[in-house]
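Written below as structure tokens is the structure these notes are about.
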Amino acid sequence: MKTSRFHLVTQREVPADAEIVSHQLMLRAGMIRKLTSGIYDWTPLGLKVLRKVEQVVREEMDAAGALEMLMPAIQPAELWEETGRWDDFGPLLLKITDRAGREFAFGPTHEEVITEFARAELRSYKQLPICFYQIQSKFRDEIRPRFGVMRAREFLMKDGYSFHIDDESLAEYYQVMFETYSRIFERLELKFKPVKADSGAIGGAVSHEFHVLADSGEDAIAHVPGGDYAANVELAEAVAVGERAEPSEEMRLVDTPDAKTIAELVEQFDLPVEKTVKTLVVEASDDCDADFVALLVRGDHELNDVKAEKHPWVAAPLRMATEAEIRDAIGAGPGSLGPVELPIPCVIDRQVAVMSDFGAGANVDDKHYFGINWGRDVELPEVTDLRKVVAGDPSPEGDGTLEIIRGIEVGHIFQLGRKYSESMNAVVMDEGGRGVHPTMGCYGIGVSRIVAAAIEQNHDEAGIIWPEPMAPFKVAILPINGHKSHRTREQAEKFYEELTAAGVEVLMDDRPLRPGVMFADAELIGIPHQLVIGDRGLDKGIVEYRRRGGDNREVEIDKTIDFIKS
Ligand code: ATP
Ligand code: MG
Ligand code: MG
Ligand code: MG
């Protein structure tokens, strides 16, 4: 590809509304463009990266015997009513009505559709085990879409679903998927960690998430350094206007066999009264829309609506006032907010109420803990951190110390069991000729989120440093003053043709630009190998080779192609 014929539109300035580095760099490199909140175009440059990720995922799923198919994005409401999720999924579900008044949803996930497929197409145990997957756009009406494609409303997911005659077969295939996922992230050269997880609205008993490790990650992971143990703490985010509050290091964990209210916990732990106030002050700002208030007040993340129904112990401490109740209480229209009396205490931080991380539950070895992070500036009378709680628990391996690190959830696998096959009555004949409900697994990967997560982990001041398997181009050819120097241009063309013929993806910058601009673009878009060609080098019989994020060196002209190919 020659830059003159490509669509390369980069920008030097950091976009004002992009908070995290991957969002900034994807915009600056011209990989994505926002169409509307949480909905993005992928430019030709961005799509190249997305397709690379997709292809690694596809190859590994194929290698695990999964069969690719394509399901519709639009799903009829009746299917979701069969499983009860039309209501359970709550406001995340984008509902659509056709001209005849029939209701549909734009699929946020496809358990219902695949189970409908299975109940028609799978008849006998002889067809099992079987796994279907697709790579397709999903839509979730996220309460607060943010960080570009990291938490988008429309995004690309690989979702896979397996069917088994019994739980042993499911457990076996789950292990295959666990290893497949590990291989995918290894091939993409990302630092990742599989962690035990809550299965949330999807359902099922056993589940693991795969996290790309990065300080900007929204999830907190408790792990044993050097050991195998790791779990998602599901630390609810502290939210501040215009800023993401850092969760404090200390998680106070209390075992809650019975639901306790926040007020009871405050009393139990004797929290300083002056820090726990009953008035929530929300500074009105552009950022502070209706959703934001509801989020803040519930100290919640979007799945807790769903969880609340299933786990009253989560609901009780999190239950505060609904947005409607608050608006009603203060008689406020959209955007205008004043002091609000709340039934629970919260912490005031810089004129902004930061509901002090009313953490959701953590599953640490099958025990529920309720974690409360009281916020940075509150001294706890007596701190019991996660480490001490778990140290008393014999199961995690290692020396009993536990560390909290941040991660980005890029994959999630579940042993679903019979939740969907039973509610939708999918039946296959077993060996004895009896009809049984197959047991199911489901396996998701956030293909588009991986692109952003990779940048969070791999960048410097100059821009993106792609892991080679994801790079949009492997080599950049950068001719210095190629528009003026015939010799330089000719050598660049020669390299371009030879590398292209050898199947190497090359971007040759043939624009009549100052070298500095050309170099900056190649660095920004993160091309791993760069060949700088100029008259001065040619006089010496060399070109300059630059490894993105690594060293520069000189390479003899004759040896360049072999060097690049090796
Ligand atoms: P999160 O906790 O980040 O909201 P989730 O648990 O709701 O994610 P799953 O239902 O497990 O998501 O979906 C499978 C994968 O899809 C996730 O592991 C994640 O990588 C990706 N994903 C989920 N929501 C989004 C989103 N809004 N934007 C981009 N990717 C997403
Ligand atoms: Mg979610
Ligand atoms: Mg999650
Ligand atoms: Mg998940």
*In debye, nearest 20, what is the charge dipole magnitude of region 97-140 about its Cα centre with +1 on Lys and Arg Cβ and -1 on Asp and Glu Cβ, if you could check?*
80
*Expressed in nm to one decimal, what extension gain is obtained for the pair R33 and Q175 from 0.36 nm per residue of sequence separation less their Cα-Cα distance?*
47.3 nm
*Summarise the long-distance tail of P(r) for region 430-494 by giving the % of C-alpha pairs beyond 15 Å.*
73
*Using a Förster distance of 56 angstrom, determine the FRET efficiency expected from the C-beta separation of R489 and D166, and round it to 0.05.*
0.25
_Loop trypsin sites (Lys or Arg not before Pro), region 1-70 (other Cβ atoms within 10 Å of the site Cβ: 12 or fewer; DSSP)_ = R12
*asked:* How compact is region 1-116 by the rule of thumb for globular proteins, expressed as Cα Rg over 2.2 N^0.38 Å?
replied: 1.43
*Counting only protein chains, not ligands or nucleic acids, how are S423, S4, S207 ordered by accessible area (probe 1.4 Å), most first?*
S4, S423, S207
*How many nm is it between the label spots at V14 and E497, if each spot is 7 Å from the Cα in line with the beta carbon?*
4.5
_Could you tell me how far the Cα centroid of region 96-116 sits from the Cα centroid of region 119-175, in Å?_
16
*Long-range Cα-Cα pairs in region 85-208 (distance over 24 Å), rounded percent*: 41
_What is the ratio of the Cα radius of gyration of region 431-566 to 2.2 N^0.38 Å, with N the residue count, to two decimals?_
1.50
*Say each of L70 and E189 gets a label point 7 Å from the Cα, pointing the same way as Cα to Cβ; how far apart are those two points in nm?*
3.1
*Considering only DSSP states other than H, G, I, E and B, which trypsin sites (Lys or Arg not before Pro) in region 468-524 qualify as loop sites with at most 15 other Cβ atoms within 10 Å?*
K484
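The values are calculated or read from the model by the stated rules, or taken from the named source; none is laboratory data. Note that the coordinates shown come from a computational prediction; the quantities given were computed from them, not determined experimentally. Quick reminder, even Gly has a Cβ in these numbers, built from the backbone with ideal geometry, and neighbours come from all protein chains shown. The protein model used for the area step is the full one, side chains on, heavy atoms only, and it has no ligands, DNA or RNA in it. Shrake-Rupley method; radii C 1.70, N 1.55, O 1.52, S 1.80 Å.
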